[in-house]
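To start, the structure itself, in structure tokens.
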Amino acid sequence: MAAYSYHFDDPEIAIVAEAVGPTPAPTQPADEPGYLFMPPVVVYEPPTEIMESTLDDLASSSIIYNRELAWLDFNWRVLAEALDERNPLLERLRFLAITASNLDEFFRKRVGGLKRQQAVGVANLNLLGWTPDYQIRLISQAVHPMMTWQSDLLLNQLLPGLEAEGMALADYGELSDEQKSQMRSFFFREIYPILTPLAVDPGHPFPFISNLSLNLAVELRDPVGGETRFARVKIPPNRARWVTVENSLRFIPLEQVIIHNLAALFDGMEIVAAHPFRVTRNADIARNEEEADDLLNMISEELRERRFAPIVRVEVTDTMPEHVRSLLLQEMGLYQADMYTTRGPLGLADLFPLADVNLPHLKFEPWTPLTHPAMAGLSRKSRPADIFAILRKGDVLVHHPYHSFATSTQLFVEAAARDPQVLAIKQTLYRTSADSPVIKALIQAAERGKQVAVLVELKARFDEERNIEWARSLEDAGVHVAYGLVGLKTHTKTTLVIREEENELRAYAHIGTGNYNPKTAGLYTDFGFLTCRPEIGADLMDLFNFLTGYSRQQHYRKLLVAPVTMRQRFLEMIETEIANALAGRPARIVAKMNALDDAPIVAKLYEASQAGVPIQLIVRGNCRLRPGLPGISENIQVTSVIGRFLEHHRIFYFENGGDPLYFMGSADWMTRNLSDRVEAIVPIEEPALQQQLQSVLDICLQDRRQGWEMLPDGRYRRWLCVDGVEGVAGIGTHLALMEMTQQGAGAV
């Protein structure tokens, strides 16, 4: 694949390509054959004060933890899946696209926030010198090598591998004359009418560059006066990025099609060169909810502001000349550190459609979620009362994507909408799909005269616009819609159904770890707990009163609710494990979550480790805690599992002196979840369901295929599955759970 800046020499077009060196391989230490190391994102020496820190200092200080670097380290682990030759080629391409998409979001949210702090003069964050300037500098040091690995992997491994399979991301110069003629016809028919070249000169200011847009910086020469001109051409985002060559598995980047037909846009001018570039805008917009008269209008205004938010990153090709780079930086008001250079195509998140090409032998074996055994025989044609009869017999724990969302959680809401005995449905909605069957069911329920109340979280980042549309659709159907609480995000995933039965009202509930989204239910690992336990129903009634009214509920029977009781209850349970360990009673903590950064929780876990409590943490992403620190966290192990599904559920286990406690729900051990969000964690008390949770924890901890171990310095080393490893350790968490689900083993 040629490089991506193009210089034009008279009638012939010459593509300037730079040789791409081999992708550096992760190193495997000879004395540790069971591990595969990934390179550290950023190496920096903590000041000597860390060795003299008290326990509280260590838990609360950013000197041993930085959220941004920890997140980038997580993205390295995702990139490792793209590097892993054990994965099929198209899946490796998909993981590469995921890492690029993750970086886009990271710059929009996290770097955008740091840039805003820079702009308002924030000089010091979290003590000990973690200023916005310093963090942005460390981020730059971390991201540049990551982008190099991404492009090298694409150009040197994935594209050659795909070409050997008959699929190619080809170069325009490789086309035959007939194919070039076809591309030219395509250009004039589909692309030319929607292109708008924008000149940049004293009479034409530098144009607005939209977020994540791919653009061409075009250098021109006026043949009359010899002056050099500059223009910008936007690659239309409403056209496919990869253009198919004659119904084959060969694709040409759209920007190349445009570049090789630029003369049509600049008649009479001499085209000197064309250089692709791409910008990322800040999505971290300041807002004051306390002063907002209308939260819906405030979020709508924020979306408009975000479109014109400052640029935080510009990506260019490595062959773009210095004078063009300087022009872009000057016109965009950026610094050199804000420019990221890469080889090959920009915008690797656009690779997702190529990963979807119909070549099954280059993908994971397809997985079709199965109906949970308790729901066997139910369908949309079943009597809606049937699912409620099942729940009266006992609690049900469904596990997505191993169990079908459509035949469990979705069916529960649809049955409630159809059942004439259901009087009311209440639900929290954080994210859902564009064509949501759950929303449709709620609208149908309202149209049937049921009382329907939905808490729509308008502040769900990047889903605000969709949630506004759903909120208006629900309101139009007569649904009572609330927009969340000032200062808090409603992140809990709960549904409450009130049904009239034998002259009494009975509450049925769903509490989940994931969103009411059938699409992500096929990609994320999540639990859904279905029950009609009276205490759970009563707690949810109180929770919805808190969300939709003026209740200041401070006590819940079973649920752990943030920001009210959750952190304190978790601290109390950790304290119980400490007391048990010191008294010689059984003590152990196992917790699975997406991220861990809450200082009080970290401090208490360190204290528990020093008391001798064995602690095993399964943390997919950011982890503030450091395991294995001498005298501090020697009894703590941290594991991260990365694979074909996104680990998303939260599970908490406390040995409790031999009478174990199990919990699951929507909250991580993060400050934002425990202090700034409405969350619900539910105890799982049925022994058979507890065993389901325990099986998942055990499988994750045994994983030597997808598992990573965190080291005391914050780096991760990957378990390298060597020949002869059998069982869960050899096949990994996701394949193990798929096999167990197929075998019907415990409805895991």
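Here, each number is a calculation from the coordinates, and none is a lab measurement. Please read all numbers here as calculations on a predicted model, not as lab measurements. So basically every Cβ, Gly included, is an ideal-geometry build from the backbone, and we count neighbours across all protein chains shown.
If the cut-off is a Cα-Cα distance under 28 Å, which lysines reach K381, setting aside same-chain residues fewer than 8 apart in sequence? Leaving aside lysines fewer than 8 places away in the same chain, those within reach of K381 are K393, K426, K440, K450, K493, K519.
The per residue volume of the convex hull around the alpha-carbon atoms of the range 613-672 is 113 Å³.
Dividing the convex hull volume of the alpha-carbon atoms in the range 589-638 by its residue count gives 58 Å³ per residue. Determine the shape class of the range 363-438: with a ≥ b ≥ c the square roots of the Cα gyration tensor eigenvalues, call it rounded for a/c under 1.5, and otherwise prolate if a/b is greater than b/c, oblate otherwise. Oblate.
With R₀ set to 35 Å, the beta-carbon distance separating E575 from V486 gives a calculated FRET efficiency near 0.60. Positive contributions from Lys and Arg (+1) and negative ones from Asp and Glu (-1), summed over other residues with Cβ under 12 Å from the Cβ of P197, come out at +2.
Would you mind calculating the gained length between E178 and E365 on full extension (0.36 nm times residue separation, minus the Cα-Cα distance), in nm to one decimal? Walk me through the intermediate numbers first.
Details: separation 187, 0.36 × 187 = 67.32 nm, distance 3.82 nm.
Contour length minus the Cα-Cα distance gives 63.5 nm.
The value given for the range 561-742 is a Kirkwood hydrodynamic radius of 16.7 Å, derived from the mean inverse Cα-Cα separation.
For the range 373-552, taking Cα atoms only, Rg and Dmax work out to 15.1, 45 Å respectively. Only beta bridges with both residues in the range 373-552 are counted; by DSSP, about 75 percent of them are antiparallel.
Mean sequence separation of contacting Cα pairs (under 8 Å, at least six apart), scaled by the length of the range 208-275, corresponds to a relative contact order of 38 percent.
Dipole of the range 373-552 computed with +1 at Lys/Arg Cβ and -1 at Asp/Glu Cβ about the Cα centre; of L485, I468, L423, farthest Cα towards the positive end is I468.
By the beta-carbon count within 10 Å of each Cβ, the least crowded to most crowded order of V456, V257, fewest first, is V257, V456. Exposure proxy ranking for E414, E572, E685, based on other Cβ atoms within 10 angstrom of each Cβ and starting from the fewest, stands as E572, E685, E414. What is the magnitude of the charge dipole of the range 373-552 about its Cα centre, with +1 placed on the Cβ of each Lys and Arg, -1 on the Cβ of each Asp and Glu, and no other charges, expressed in debye to the nearest 20? So the dipole magnitude of the range 373-552 works out to roughly 220 debye. Here the translational diffusion coefficient of the range 505-556 follows from Stokes-Einstein with Rh set to the Kirkwood radius across Cα pairs; for 25 °C and 0.890 mPa s it amounts to 194 µm²/s. Whole-percent P(r), the range 131-239, all Cα pairs, 5 Å bins from 0: 2, 8, 10, 11, 15, 17, 16, 11, 6, 3, 1, 0.
What ranking of W367, W708 emerges when the number of other C-beta atoms within 10 Å of each C-beta is taken as an exposure proxy, fewest first?
Numbers: W367 16, W708 26.
With the fewest neighbours first, W367, W708 line up as W367, W708.
Extending 7 Å from Cα along the Cβ direction at E322 and again at A376 yields two label points whose distance is 7.3 nm.
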